[in-house]
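First comes the structure, then the notes that go with it.
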């Protein structure tokens with residue numbers, strides 16, 4: 001009986017394994033009725049970024065260095081919460097929960113935590129770049145799901161970073177292959193002079209959210 005139980009657990013683990021083709025097929029199926037639902041928050045984010053760029057252009061600085069530093073800080077303060085909100089929106093969508101544009105702004109109350117996490121990840125990434133490309137890629141993979149972790153309710157800086165690392169542990173290469181599997185779609189976007197992005201961006205957003213959700217199920 002114990003042997004059958006172990007085999008049963010192994011089979012369930014295999015069923016839940018990260019099959020990128022299945023995830024992408026599921027994303028395509030969900031995309032049929034959700035292209036506009038995914039584009040709505042994206043357009044809101046784009047609009048906010050345009051407003052930010054316009055307002056920032058009116059600020060005068062004494063040096064380019066000061067301008068760059070202030071720009072990066074303000075940009076991070078504004079966008080990091082929006083991206084966590086977008087992750088929350090996407091998770092609600094794929095899980096069959098209620099979702100709305102208001103999801104984008106749910107995390108401004110935690111802006112300090114999110115800003116610190118964003119700053120730490122950027123710092124690690126920059127250190128990785130100085131140590132050649134491979135460490136930078138590893139950092140990127142380790143913290144790929146930190147926005148989803150925050151969207152799922154984690155409020156501690158250290159725990160959020162650790163949760164993202166633990167989730168991707170053992171799946172870094174698989175996730176890298178998953179990301180690279182969209183290369184052909186980027187070429188389609190280029191060949192269609194950007195028109196295909198109407199389909200490709202929601203498709204990738206859905207696929208990534210589904211990948212996180214599947215990985216979370218496996219690790220739990």
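Read-outs throughout are calculated quantities, based only on the coordinates presented, and are distinct from any laboratory measurement. Just so it is clear, the model here is predicted, and its values are computed rather than measured. Quick reminder, even Gly has a Cβ in these numbers, built from the backbone with ideal geometry, and neighbours come from all protein chains shown.
Among 106, 142, rank each residue by its count of other Cβ atoms within 10 Å, from fewest to most, as a rough exposure measure.
In increasing order of surrounding Cβ atoms, one gets 106, 142.
Listing 195, 79 from the residue with the fewest other Cβ atoms within 10 Å to the one with the most, what is the order?
In order of increasing Cβ crowding within 10 Å: 195, 79.
Over the Cα atoms of the chain, what Rg and Dmax result, in angstrom?
When restricted to the Cα atoms of the chain, Rg and Dmax are 19.2, 75 Å.
Can you put 192, 113, 183 in order, fewest other beta carbons within 10 Å first?
Final ranking by Cβ density, sparse to dense: 183, 192, 113.
Calculate for the chain the 222 nm mean residue ellipticity that helices alone would give, adding -39,500 (n - 2.57) per DSSP H run of length 4 or more and normalising by residue count, nearest 500 deg cm²/dmol.
Theoretical 222 nm ellipticity from helices: -25000 deg cm²/dmol.
In µm²/s, what is D for the stretch 28-143 at 4 °C and 1.567 mPa s, where D = kT/(6 pi eta Rh) by Stokes-Einstein and Rh is the Kirkwood radius from Cα pairs?
D = 79 µm²/s.
Between the helical axis of 133-142 and the dominant principal axis of the chain, each derived from Cα atoms, what acute angle in degrees is found, rounded to the nearest 10?
Compared with the principal axis, the helix lies near 70 degrees.
Compute the relative contact order of the stretch 129-220 as a whole-number percentage, counting only Cα pairs closer than 8 Å that sit 6 or more residues apart in sequence.
26
Roughly how many whole Å is it from the C-alpha centroid of the stretch 52-91 to that of the stretch 151-219?
23
Which number comes out as Rg/Rh for the stretch 71-201 once both Rg and the Kirkwood Rh are worked out on C-alpha atoms?
0.99
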